[in-house]
Amino acid sequence: MRQFILKLSVFAVVILSVSPIGFCQSDLPDVFKNEPIPEQLKYLEEHTRIYENYRAIREDMFRVITKNTVDTLRNAKTKISVLIQETNVLNARIDSLRESLESTGASLEKASSTKNSISILGIEVNKVVYNSVMWTIVAALLLLLAIGYLTFKHNRITTVKTLKELDDLKAGFEEYRTKTRLEREKMNVDHFNEIQKLKGKR
């Protein structure tokens, strides 16, 4: 009989220790799972009450939004690193295309000073045909250079925008964390003062 009571007690303790976790997870609104950090902060602002300039936030929501913010910052840093690497690759490609364009332009100037017939590897090529081929190559290089420049410009704009969003997110989170800490500290002080008052009345 004692063993049965002991097993029943252990089972009850396990159930009570596991159940709150499941309830907390199932009670979390979908905004904390599917929406970005600004929407989550907006949800907290709209769905939490303010009492005497203090905002009460559920612990599970606070932990989830903290984790989501850290994950968002980590993803933003990763994205910025990737964009920086892509920008470096594009810069190298632009430099290479610029060198190729300069080399091709020099060859074109040299070809312009020759006669109608140009000897290439012992083969006589008509100057008009040669110039057409060269200009086609130059046009293709210019097109590639323009595409590379536009891609670089787009990536730079994206990087600047991402950095700004990251800074705004950091500032908002720091402000939110400081505000929450101050609210908790004042709440603890008020609670302590109330206890002291009650003790004094006794």
query = Which of (1) at pLDDT 80 or above; (2) surrounded by 11 or more Cβ atoms within 10 Å (Cβ to Cβ) is the odd one out, the single condition Thr114 does not satisfy?
reply = (1)
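Please indicate, with yes or no, whether at least one residue in the stretch 167-177 is under 24 Å from the mean Cα position of the chain (by Cα), in a helix (DSSP H, G or I), aromatic (Phe, Trp, Tyr) and under 30 Å from Thr66 (Cα atoms).
For the stretch 167-177, residues under 24 Å from the mean Cα position of the chain (by Cα), in a helix (DSSP H, G or I), aromatic (Phe, Trp, Tyr) and under 30 Å from Thr66 (Cα atoms): present.
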message = Residues that are surrounded by 11 or more Cβ atoms within 10 Å (Cβ to Cβ) and either closer than 26 Å to Pro36 by Cα or among the aromatic types (Phe, Trp, Tyr) (or both): does the stretch 86-103 have at least one?
response = yes
request  = Can you confirm whether the stretch 30-47 contains a residue that is in a loop (DSSP other than H, G, I, E, B), out of contact with any Leu (no Cβ under 8 Å at 6 or more places or on another chain) and closer than 23 Å to Lys186 by Cβ?
outcome  = no
task = Check Asp60, Asp95 and return the single one that is within 18 Å of Asn155 (Cα to Cα) and either assigned to a helix (DSSP H, G or I) or touching an Asp or Glu at 6+ places or on another chain (Cβ under 6 Å) (or both).
result = Asp95
message = Checking Lys197 against (1) within 30 Å of Leu108 (Cα to Cα); (2) without any contact (Cβ under 8 Å) to a residue 24 or more places away in the chain: exactly one of these is not met. Which one?
response = (1)
query = Going by the structure shown, is Ala56 among the aliphatic types (A, V, I, L, M), within 30 Å of Gly148 (Cα to Cα) and at pLDDT below 90?
reply = no
message = Residue pairs, Cβ under 7 Å, 6 or more apart or interchain, first in the stretch 71-91 and over 22 Å from Phe173 (Cβ atoms) and in contact (Cβ under 8 Å) with a residue 40 or more places away in the chain, second of a type in the set (Lys, Arg) and in a helix (DSSP H, G or I). List them.
response = Thr87/Arg156
query = Looking at the stretch 140-154, which of the residues that are closer than 14 Å to Glu86 by Cα and in contact with a Leu (Cβ under 7 Å, 6 or more places away or on another chain) is surrounded by the most Cβ atoms within 10 Å (Cβ to Cβ)?
reply = Gly148
task = List every residue pair whose Cβ atoms lie under 9 Å apart, where the two residues are 6 or more positions apart in sequence or sit on different chains, the first residue falls within the stretch 117-140 and is over 20 Å from Glu102 (Cβ atoms) and of a type in the set (Asp, Glu), and the second residue, located anywhere, is part of a strand (DSSP E or B) and at pLDDT below 70.
result = Glu124/Ser117; Glu124/Ile118
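The values are calculated or read from the model by the stated rules, or taken from the named source; none is laboratory data. Given the structure is predicted, the values throughout are model-derived calculations rather than measurements. For neighbour counting, all protein chains shown are included, and Cβ atoms are generated from backbone atoms with ideal geometry for every residue, glycine included.
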